[in-house]
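S.K.: My questions all concern the structure below.
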């Protein structure tokens with residue numbers, strides 16, 4: 001283990017550098033896109049349509065992206081995705097600058113960027129554990145999140161200033177440039193001694209990932225919870241928040257301040273998580289999720305800008321506390337060979353309803369009023385979080401203690417066993433342990449594992 005922790009690893013430093021660079025541009029775009037739509041004559045509903053246009057293709061391509069990321073070098077998958085994202089955002093910015101942007105064009109270009117993100121996201125979730133030794137995993141997650149949130153603070157503040165000073169088009173151009181810079185840095189990452197990859201077909205690999213996902217109750221319960229939380233939050237905060245800022249809080253600069261306050265809270269949360277390592281990962285993380293509702297309540301009133309900013313800051317702390325614990329839980333309890341596919345199912349479930357939230361937020365606000373819509377979203381977030389905490393597997397999931405892991409020199413060398421699937425329906429076979437629902441012959445070798453789902457085989461009676 002490096003005396004400098006995860007930052008002592010070259011690949012991890014490059015990973016953080018890429019993510020920070022890209023996040024500065026992304027945070028600027030978060031501020032710029034809604035005002036690009038509004039300045040082009042669009043409405044709150046149009047903001048929702050443009051946002052949904054990016055989410056839908058992301059959801060469609062997530063599962064295929066997970067299989068690709070488990071097959072190919074993940075940093076290269078991410079680099080290609082960054083190039084495509086930068087190209088689409090650059091054209092978007094050019095159309096806004098020239099005054100030619102129409103809603104359907106903005107939707108199309110956002111959809112193109114969403115397609116690329118469908119491949120990027122699963123690869124990103126699986127790449128970090130390859131850049132550090134296992135002992136540095138929790139710290140690496142916190143340090144990476146700390147860098148991302150610091151970049152989001154700078155990007156959101158800069159985005160508000162740029163949009164107010166020269167218009168949203170230049171914010172989009174800056175985002176496009178950040179994607180290009182990140183792609184170049186990702187190509188500098190080098191990995192050696194990677195395990196061989198067995199390719200058995202897309203469908204069997206997807207089914208193996210589905211089994212790894214559904215066999216862990218804590219995992220799918222949280223994903224169902226965040227399907228609701230994200231739909232409420234993205235629709236209410238991202239679509240209606242800029243409208244409230246435009247009508248009651250002074251415009252783009254105030255919205256940039258709110259987003260920056262949330263990012264400051266996220267930095268505080270990540271800094272705390274560098275040192276604080278709760279034993280019950282999801283209990284600690286999920287208790288913090290309820291804070292996400294605070295800025296929605298502030299916008300619903302609406303409260304004074306400083307009070308809304310405080311609520312956004314507290315929500316940032318809550319988001320980051322959950323994010324670090326959630327990422328660590330997946331990386332510790334899901335085999336590395338399955339991380340991208342499981343992460344794809346995680347993202348699919350977590351964001352499947354988000355396009356619905358963004359699409360209906362404007363019409364619902366028009367029918368019921370913006371304050372009622374924002375307050376209702378806050379209630380759904382709090383209630384769904386409380387229900388998830390009622391599930392024992394969520395409350396009890398523990399961090400894996402280091403001392404329980406055998407030293408590397410004593411671990412049996414893993415040998416690839418036959419795939420589980422061909423052995424189904426054999427009546428004389430013993431069932432697998434550790435979450436694998438298929439059957440396989442027992443042997444004396446403790447290092448044999450399934451080449452589809454990466455589950456270790458055990459002798460009968462173990």
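The values are calculated or read from the model by the stated rules, or taken from the named source; none is laboratory data. Note that the coordinates shown come from a computational prediction; the quantities given were computed from them, not determined experimentally. For neighbour counting, all protein chains shown are included, and Cβ atoms are generated from backbone atoms with ideal geometry for every residue, glycine included.
S.K.: Quick check on region 20-40. Is at least one of its residues more than 17 Å from the chain's Cα centre (by Cα) and without any contact (Cβ under 8 Å) to a residue 40 or more places away in the chain?
M.R.: No; the residues of region 20-40 include none that is more than 17 Å from the chain's Cα centre (by Cα) and without any contact (Cβ under 8 Å) to a residue 40 or more places away in the chain.
S.K.: Within region 55-72, count every residue that is buried (at least 24 other Cβ atoms within 10 Å of the Cβ) and either within 23 Å of residue 90 (Cα to Cα) or without any contact (Cβ under 8 Å) to a residue 40 or more places away in the chain (or both).
M.R.: So the count comes out to 2.
S.K.: For region 267-283, name all the residues that are surrounded by fewer than 24 Cβ atoms within 10 Å (Cβ to Cβ), touching a residue at least 24 places away in the same chain (Cβ under 8 Å) and over 22 Å from residue 310 (Cβ atoms).
M.R.: The first filter runs over region 267-283 and keeps only residues surrounded by fewer than 24 Cβ atoms within 10 Å (Cβ to Cβ), leaving 267-268, 271-272, 274-280, 283.
Narrowing further to those that are touching a residue at least 24 places away in the same chain (Cβ under 8 Å): 267-268, 271-272, 274, 277-280, 283.
Passing the criteria: 274, 277, 278, 279, 280, 283.
Here's the yes/no breakdown for (1) surrounded by fewer than 24 Cβ atoms within 10 Å (Cβ to Cβ); (2) closer than 29 Å to residue 166 by Cα; (3) in contact (Cβ under 8 Å) with a residue 40 or more places away in the chain:
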{"residue": "78", "(1), (2), (3)": "no, no, yes"}
{"residue": "81", "(1), (2), (3)": "no, yes, yes"}
{"residue": "94", "(1), (2), (3)": "yes, yes, yes"}
{"residue": "100", "(1), (2), (3)": "yes, yes, no"}
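S.K.: From the list 288, 236, pick out the single residue that is surrounded by fewer than 24 Cβ atoms within 10 Å (Cβ to Cβ) and assigned by TED's automatic domain parsing to the domain that holds residue 63.
M.R.: Details: 236 fails: surrounded by fewer than 24 Cβ atoms within 10 Å (Cβ to Cβ).
One residue alone meets the criteria, 288.
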